[in-house]
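The structure appears right after this line, and notes come after that.
The values are calculated or read from the model by the stated rules, or taken from the named source; none is laboratory data. If you're wondering where the values come from, they're calculated on a predicted model, not measured in any experiment. As a convention, Cβ positions derive from the backbone with ideal geometry for all residues, glycine included, and neighbour counts pool all protein chains shown.
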2 protein chains.
Amino acid sequence: MRLADLSKRSGVSTATIKYYLREGLLPPGRQVNATTAEYDEGHLRRLRLVRALIQVGKVPVATAREVLGHVDDESLGRTIRLGAALWALPQDAEPDEADPAVAAARTEVGRLLELLGWETAREMAPLSPVHRSLVVAVAALRRLDYPWDAELMAPYGALMMEVARRELDFMETHASDAEQVEMAVASAVLFQPVLRALHRLAQEEESARRYGIE
Amino acid sequence: MRLADLSKRSGVSTATIKYYLREGLLPPGRQVNATTAEYDEGHLRRLRLVRALIQVGKVPVATAREVLGHVDDESLGRTIRLGAALWALPQDAEPDEADPAVAAARTEVGRLLELLGWETAREMAPLSPVHRSLVVAVAALRRLDYPWDAELMAPYGALMMEVARRELDFMETHASDAEQVEMAVASAVLFQPVLRALHRLAQEEESARRYGIE
DNA sequence: CTCCTTGGAGAGTGCCGCTCACCAACACGG
DNA sequence: CCGTGTTGGTGAGCGGCACTCTCCAAGGAG
């Protein structure tokens, strides 16, 4: 398969594919000679993943490169690889440590993890970027005077744990570590729009049920 | 309160506040004379909401303006107002109707709503932008060969309904329609990062529990 | 009276995800 | 073996967006 074929089968323009190659999102093809390179099904698969991350998941190109780098790092075990890939994903702003809402949010998130019994998450908390973006989001809610507290949030955490369990069950039906990590990244990113849409549909549905369509 | 005070109390630069005023995200202050305008607590509250939408929720400025327009539209009843605001929120790309994955996704989403018994959502389906972005996201998952089907997704839908019920219960503790709609919008947008973070933390936690830290 | 601040508005900035234009080296059909 | 078209590679350009800068004349504060 050459570049033009890759483009046809993926629906991505050759210019964009070249850009992804340049940015290191897509590994180079097998160079046949100075003007020809061969791509295989693996490239097509990776290209579709890249597109999904960027277009549906809105992941910045630089972040996608980093995440995919971890996915491909065969020197790591599965858990570390998964962790590294997930850690590379968030691109939220740094919390403003001077803001009292941030400090309060941090405390409350700590209590939440305790309530949920998420020991690994608690140990990793000071370093984890995921933890950090949780703090930022909670701080934003608090600034809007939403009485957010750990007890209120614990059920959501439990629900997300339920979601994660289903995903890992499903991942286990797949063969290689790389495939599993790839799948975990795809779920982390692509289930987001799905959950968001279901969430909003549920809001509308429940609102219509409670109050009718006035 | 003048512009500079509004800036100090919100932590948003005067230049940015002026920009929001120009873009219609913030209603103008009470004009005292040609060079002075007075802002009140309502402006501060709105400004915080705008910031949360844009910075944490990553909602584009143009979209935020539209959403807030619906929140403020007192000619509408609560359900319609909520629906209008939520409909204005998504900013996903249009589905490519020529793509067979999109057609398959549409069918599958229809079956999902049937399984969940979400009648209002089914009636609104052809028009709803939220429904549309669900189709886009599901199509992306299908293209990656994830065997997504309605039965697999139904539990997620049920979980999101549970989340929505909690939110509406909480909303009911608040007074005016406008406040309730504002709160619904804030949840729709700000719970997203919270859920995302909890989801990823749960993934890491469960992975560590199952496989240890190799 | 003097200096500072105000609201308003246009133009500029920086980033980002492409997209275009151009290149010499080659592939391939006839 | 020739002519046309395609290849990988690269620099520059584009359009959108969220600000941010700069300037202005009109007031306000001490």
>> Which residue is nearest to the other protein chains (Cβ to nearest Cβ), if the candidates are limited to region B:119-128 and must be in contact with a Leu (Cβ under 8 Å, 6 or more places away or on another chain) and modelled with pLDDT of 90 or more?
In response: B:121
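Conditions (1) away from chain B (no Cβ under 13 Å); (2) under 17 Å from residue A:178 (Cα atoms), marked per residue:
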position	(1), (2)
A:10	no, no
A:23	yes, no
A:52	no, no
A:80	no, yes
A:84	no, yes
A:87	no, yes
> Going through region B:180-214 one residue at a time, which ones are in a helix (DSSP H, G or I), aliphatic (A, V, I, L, M) and at the interface with chain A (Cβ under 7 Å from one of its Cβ atoms)?
Replying inline: B:184, B:186, B:188, B:190, B:194, B:195, B:197, B:198, B:201, B:202, B:208
>> When you scan region B:77-88, do you find a residue that is touching a His at 6+ places or on another chain (Cβ under 8 Å) and more than 28 Å from residue A:133 (Cβ to Cβ), even just one?
In response: yes
> Would you pick out the residues in region B:17-42 that are surrounded by 16 or more Cβ atoms within 10 Å (Cβ to Cβ) and either under 25 Å from the mean Cα position of the chain (by Cα) or among the polar types (S, T, N, Q) (or both)?
Replying inline: B:17, B:20, B:21, B:25, B:26
> Can you name the condition, by its number, that residue B:56 falls short on among (1) touching a residue at least 60 places away in the same chain (Cβ under 8 Å); (2) within 10 Å of DNA strand C (Cβ to nearest atom)?
Replying inline: (2)
>> Quick check on region B:1-16: of everything there that is outside any helix (DSSP H, G or I) and hydrophobic (A, V, I, L, M, F, W, C), which residue is farthest from DNA strand C (Cβ to nearest atom)?
In response: B:12
>> If residue A:109 satisfies all but one of (1) surrounded by fewer than 20 Cβ atoms within 10 Å (Cβ to Cβ); (2) farther than 21 Å from residue B:162 by Cβ, what's the number of the condition it fails?
In response: (1)
>> Looking only at residues that are farther than 20 Å from residue A:73 by Cα and within 9 Å of DNA strand C (Cβ to nearest atom) in region A:18-43, which one is modelled with the lowest pLDDT?
In response: A:34
> Yes or no: residue A:92 on the phi > 0 side of the Ramachandran plot, modelled with pLDDT under 90 and acidic (Asp, Glu)?
Replying inline: no
> Before we move on, is residue A:46 under 30 Å from residue B:135 (Cα atoms) and either more than 13 Å from DNA strand C (Cβ to nearest atom) or modelled with pLDDT of 95 or more (or both)?
Replying inline: yes
>> Restricting to region B:2-17, name every residue that is within 13 Å of DNA strand D (Cβ to nearest atom), at negative phi and not acidic (Asp, Glu).
In response: B:2, B:3, B:4, B:7, B:10, B:12, B:13, B:14, B:15, B:16, B:17
>> List pairs: first residue in region A:37-49 and more than 12 Å from residue A:27 (Cα to Cα), second residue in a loop (DSSP other than H, G, I, E, B) and at pLDDT 90 or above anywhere in the structure, Cβ distance under 9 angstrom, at least six positions apart or on different chains.
In response: A:48/A:12
>> With touching a residue at least 12 places away in the same chain (Cβ under 8 Å), surrounded by fewer than 17 Cβ atoms within 10 Å (Cβ to Cβ) and more than 7 Å from chain B (Cβ to nearest Cβ) as the only criterion, which of A:169, A:145, A:149 stands out?
In response: A:149
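Quickly run through region A:59-78 and pick out the residues that are within 11 Å of DNA strand C (Cβ to nearest atom), more than 11 Å from the chain's Cα centre (by Cα) and within 13 Å of another protein chain (Cβ to nearest Cβ).
If the condition is that a residue be within 11 Å of DNA strand C (Cβ to nearest atom), more than 11 Å from the chain's Cα centre (by Cα) and within 13 Å of another protein chain (Cβ to nearest Cβ), then A:60 is the only one that fits.
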